[in-house]
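Any read-out appearing in this document is the output of simple, stated calculations on the displayed coordinates, not a laboratory observation. Keep in mind it's a predicted model, so treat the numbers as computed, not measured. In this analysis, Cβ positions are derived from the backbone assuming ideal geometry, glycine residues included, and neighbour counts consider all displayed protein chains.
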Amino acid sequence: MLSIDKLEQLPKFHQATISGDYIDPMGHMNVRWYMALFDTAGWNFFASFGMTQEYYDRNQAGGFALMHFIRYLAEVRQDEIISVRTRIIGRSEKRLHYVHFMINETTQKLASTLEALGAHADLRIRRTTAYPPELTAAIDAKIAEYKELDWEAPLSGCIKP
């Protein structure tokens, strides 16, 4: 599995301390909260390349989630601190393939990954559409940056942009 040092090369899009409300009868964070934390990181991630509330309002555009693949790798318990870092894998004209990495900062372990496929959407017609040039330029710059890393992201093999 990837080292925390390698994952720290990626931008951090969310950090949280896990409250008792997130804990299930097994004594660890319930699966529903992983998605909630990944979702919060996702909004910050999208904003990092221009998909902000202003962009959504101005263009009547946004994003649709198409597919998620979550791996649970190590427990997260009450009062532990997690962070979510993200790497773009690739894109097509309409779709974006990326991976969120949830790190348990307290234990220094990779707790979970969420591999995702999302799409740009025209909210007037509620259909996927091509990313506009200003977004593709920002996304492509990030892809180029991530290609410089000396490690590959662990992928499920079931998601293709």
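Taking the range 1-28 as the range and being part of a strand (DSSP E or B) and either under 12 Å from ASP79 (Cβ atoms) or charged (D, E, K, R) (or both) as the test, the residues that pass are LYS12, ALA16, THR17, ILE23. VAL76 passes every criterion in (1) closer than 23 Å to LYS160 by Cα; (2) over 17 Å from the mean Cα position of the chain (by Cα) apart from (1).
When the range 88-112 is limited to residues that are among the hydroxyl-bearing types (Ser, Thr, Tyr) and crowded, with 22+ Cβ neighbours inside 10 Å, the one that is nearest to ALA16 (Cα to Cα) turns out to be SER112.
Only strands (runs of 3 or more DSSP E) whose full extent lies in the range 76-161 are considered here, and the ones with at least 2 residues that are β-branched (Val, Ile, Thr) are 81-91, 95-104. Condition check for ARG85 on (1) crowded, with 17+ Cβ neighbours inside 10 Å; (2) out of contact with any Pro (no Cβ under 9 Å at 6 or more places or on another chain): one failure, at (2). Within the range 1-32, the set of residues being acidic (Asp, Glu) and in contact (Cβ under 8 Å) with a residue 12 or more places away in the chain comprises GLU8 only.
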